[in-house]
1. Residues in region 102-110: is at least one under 12 Å from residue 171 (Cα atoms), in contact with a strand residue (DSSP E or B) (Cβ under 7 Å, 6 or more places away or on another chain), modelled with pLDDT of 95 or more and not in a strand (DSSP E or B)?
2. What number of residues in region 131-161 are part of a loop (DSSP other than H, G, I, E, B), surrounded by 17 or more Cβ atoms within 10 Å (Cβ to Cβ) and at pLDDT 90 or above?
3. Considering only residues that are surrounded by 14 or more Cβ atoms within 10 Å (Cβ to Cβ), free of Cβ contacts under 8 Å to residues at least 24 places away in the same chain and assigned to a helix (DSSP H, G or I), which ones fall in region 112-130?
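The values are calculated or read from the model by the stated rules, or taken from the named source; none is laboratory data. These numbers were taken from a predicted model, which means no experiment stands behind them. Quick reminder, even Gly has a Cβ in these numbers, built from the backbone with ideal geometry, and neighbours come from all protein chains shown.
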């Protein structure tokens, strides 16, 4: 993110200075100069800003592109890093949710493009279950979570964001993660970047 969190929160913004002072040897360097945020453009208020530019891809795309270009069919064709894939099985795979409810929010998907659980084969059901169990154990080991939400939203009417491709949610929960943010501000504060979470979970998965 390029937004300065201090400036966004009404704090001080840093700007480069041409002053030659600031080193022990007296050689020229570039120092940071504190600037009062009140002198910057804009109208200050009492609100904090949590910048989430990654969500613009989801917001601006709308529903139609998600139906025509299935993200869960496209992900396995990418590298694990680009597809946010944690583990690959024979009939199903595990990846991070691009729009997580909590850090470590995993999705278990069959490779086949099927919409609902009753369309899955016995082999797919068994592997989705096994990968879900493994995902829970790995998240418990890596994040010390206290519990989980597991679930499948079947169809758009039931809240499925990508209703054409079956996916099982694994959401880690902590006793201390409840706050007013999601209820009042419709915002989740996520302390870890997706790439960092994927690396930690993938490393632990293969250990």
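1. For region 102-110, residues under 12 Å from residue 171 (Cα atoms), in contact with a strand residue (DSSP E or B) (Cβ under 7 Å, 6 or more places away or on another chain), modelled with pLDDT of 95 or more and not in a strand (DSSP E or B): absent.
2. In the first step, residues of region 131-161 are kept if they are part of a loop (DSSP other than H, G, I, E, B); the result is 144-146, 152-155, 159-161.
Next, from what is left, pick out any that are surrounded by 17 or more Cβ atoms within 10 Å (Cβ to Cβ): 145, 160.
Checking the rest, the ones that are also at pLDDT 90 or above come to 145.
So the answer is 1.
3. Answer for region 112-130, where residues must be surrounded by 14 or more Cβ atoms within 10 Å (Cβ to Cβ), free of Cβ contacts under 8 Å to residues at least 24 places away in the same chain and assigned to a helix (DSSP H, G or I): just 125.
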